[in-house]
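J.: Structure provided below as structure tokens; questions to follow.
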Amino acid sequence: MSVLVVIPARGGSKGVPGKNLTPVAGVPLVARAVSASLAASRVSRVAVSTDDNGIAAAARHAGAEVVMRPPAISGDLSSSEAAVLHAMDSLEGASGVDIVVLVQCTSPFLSPSDVDGVVAAIADDGADSAFTAAPFHGFVWRHGDTDDGPVKGVHGVNHDAAHRAMRQSRPREFLETGSAYAMRAEGLREHGHRFFGRVALVATDPARTLEIDDPSDLLRARALAPLLERGRTPSRADVDAVVLDFDGTQTDDRVLIDADGREIVAVHRGDGLAVAAMRRAGLPVLILSTETNPVVAARARKLKVPVLHGIDRKDIALKRWCEEQAIAPERVLYVGNDVNDLPCFDLVGWPVAVADAHEVVRAAARAVTGTRGGHGAIREIAAWLLGSTLEGN
């Protein structure tokens, strides 16, 4: 069967401005949705429907086709179904699609198995439409009237407030995750909405169930990402350049001051070996620091790498350096440890935090080292890229 995934991604968002381009673990939400969909084994094509040029560029870079959506179906009240139907009409060859899957960018932890699951419910099990849902055991309450008439205060919806049954005695309930919906293409055209005919529920992991609708949801997603995606570290194929903060990443963030006021820091020999190996492998390495201490420049000379230090806006300096070197920021690995590194995290494709980085920085990172700053964290990162022996040629 031919399976088309359509990902609606408008440019406007009131709850989280620029939401669909907002990164979680260094990857924009639209790109996360595209990657999960492309990795599903039963998907033939992936398209993003958008009215925003920035989203379109990010979608194409992630590997999706793009359908530019007209203003008539790009407003706050426009339905996702309208975007899917428009994409089906706009894509060449989409008339032969058997199953269409609606994937939402707002679910950052969508997995390829979720997408394959809703497709299988139709292709293998004969459903007409299917959606992802997570097991739910909560007691739901509601203000207002019941079917029996007006009430004061609140009342139970899925339970009898006078008889609190044990969880195992209650009927199984599921919470719609909002991440993936599959439909027979002809049925969607006929009915105009995502639930029709025989509807199937595809159970998913509740730990991965999260919809981003407001800033607090985004904070939770960034905090969960290192836990849910811990196994993913970059390889040499993912990275074209490495940019290193200095204090707290190449040092242990301590400063020793002698009687004359001179500052002394400690670095790790293994980190120096790692930088040399990355240079031999042809990876450009840059040290970027807000510090004005001459020790930063001295360390850069020792490592034979360029340095930009005494920089107030590291993100601006990093963007300019990428332009000068003709390196795409999404192909840059940046290593940091504190909140002044966060603007650079938003710019690059591989933001990496050292193990003892500030908790906000660890939450925003795409990967976190197991080693503390100044104790071989750079050596660990080089091993991700080059292998543990650091054979860089």
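The values are calculated or read from the model by the stated rules, or taken from the named source; none is laboratory data. Being a predicted model, the structure only gives us computed values, none of them experimental. Quick reminder, even Gly has a Cβ in these numbers, built from the backbone with ideal geometry, and neighbours come from all protein chains shown. Heads up: the accessible areas ignore ligands, DNA and RNA and are worked out on the full protein's heavy atoms, side chains in. Shrake-Rupley method; radii C 1.70, N 1.55, O 1.52, S 1.80 Å.
J.: Just read off the accessible area of Met1 with the full protein assembly in place, 1.4 Å probe, to the nearest 10 Å².
T.: Looks like 130 Å² after rounding.
J.: Separate question: For the chain, what's the relative contact order in percent, using C-alpha pairs closer than 8 Å and at least 6 residues apart?
T.: Details: 811 pairs, mean separation 61.1, N = 393.
So the answer I get is 16 percent.
J.: Treating the angle as unsigned and between 0 and 90°, give the value, to the nearest 10°, between the Cα long axis of helix 377-386 and the longest Cα principal axis of the chain.
T.: Approximately 70 degrees, to the nearest 10.
J.: Let me ask something else about it. Using a 1.4 Å probe over the heavy atoms of the protein chains, calculate the carbon and sulfur portion of the accessible area of the stretch 27-113 as a whole percent. Numbers along the way, then the final one.
T.: On the way: 1700 of 3370 Å².
With neighbouring chains kept in place, the figure for the stretch 27-113 is 50 percent.
J.: Sticking with this structure for a sec: Report the label-to-label distance for Phe136 and Arg236 in nanometres (one decimal), using points 7 Å from each Cα along the Cα→Cβ vector.
T.: 4.9 nm
J.: Expressed in nm to one decimal, what extension gain is obtained for the pair Ser388 and Leu256 from 0.36 nm per residue of sequence separation less their Cα-Cα distance? Provide the component values of the computation, followed by the final result.
T.: On the way: separation 132, 0.36 × 132 = 47.52 nm, distance 3.20 nm.
This chain segment gains 44.3 nm when fully extended.
J.: Computed over the Cα atoms, what is the radius of gyration of the stretch 57-215 divided by 2.2 N^0.38 Å, N being its residue count? Walk me through the numbers on the way to the answer.
T.: Values: Rg = 19.0 Å, N = 159, 2.2 N^0.38 = 15.1 Å.
Dividing the Cα radius of gyration by 2.2 N^0.38 Å gives 1.26.
J.: Just Arg372, Arg194, Arg167 to compare: in a GNM of the chain, with alpha carbon springs under 10 Å, which one fluctuates most?
T.: Arg167
J.: Something else: Return one whole number: the accessible area per residue of the chain in Å², for a 1.4 Å probe.
T.: Numbers: 18690 Å² over 393 residues.
For the chain, the solvent-accessible area averages 48 Å² per residue.
J.: Let me check against my output: what whole-number percent is the relative contact order of the stretch 196-291, with C-alpha pairs under 8 Å and at least 6 apart?
T.: Numbers: 58 pairs, mean separation 24.4, N = 96.
Relative contact order, the stretch 196-291: 25 percent.
J.: When the chain is treated as a GNM, springs tying every alpha-carbon pair under 10 Å, which of Ile327, Ile99, Ile264 comes out with the largest mean-square fluctuation?
T.: Largest GNM mean-square fluctuation: Ile264.
J.: Another question about this same structure. With each pseudo-label sitting 7 Å past Cα toward Cβ, what's the Ile316-Ala298 distance in nm, one decimal?
T.: 3.0 nm
J.: Specify the longest stretch of the chain that does not include any exposed loop site, a site being one of the chymotrypsin sites (Phe, Trp or Tyr not before Pro) with a non-H, G, I, E, B DSSP assignment and at most 14 other Cβ atoms within 10 Å.
T.: Values: sites that count: Phe139, Phe195.
Between exposed loop sites, the widest span is 196-393.
J.: Here is a follow-up. Calculate the length of the line joining the C-alpha centroid of the stretch 291-317 to that of the stretch 177-246, in whole Å.
T.: 38 Å
J.: First measure r as the distance between the Cβ atoms of Leu38 and Met1, then evaluate 1/(1 + (r/R0)^6) with R0 = 22 Å and state the FRET efficiency to the nearest 0.05.
T.: Details: r = 17 Å, r/R0 = 0.78.
About 0.80, to the nearest 0.05.
J.: Tell me the angle of helix 29-39 to the major Cα principal axis of the chain, expressed in degrees between 0 and 90 and rounded to the nearest ten.
T.: For 29-39 against the chain, the angle is about 70 degrees.
J.: Still on this structure, I have one more. Springs between alpha-carbon pairs under 10 angstrom, Gaussian network model over the chain: which of Leu342, Leu286, Leu228 fluctuates most?
T.: Taking springs between Cα atoms under 10 Å, the residue moving most is Leu228.
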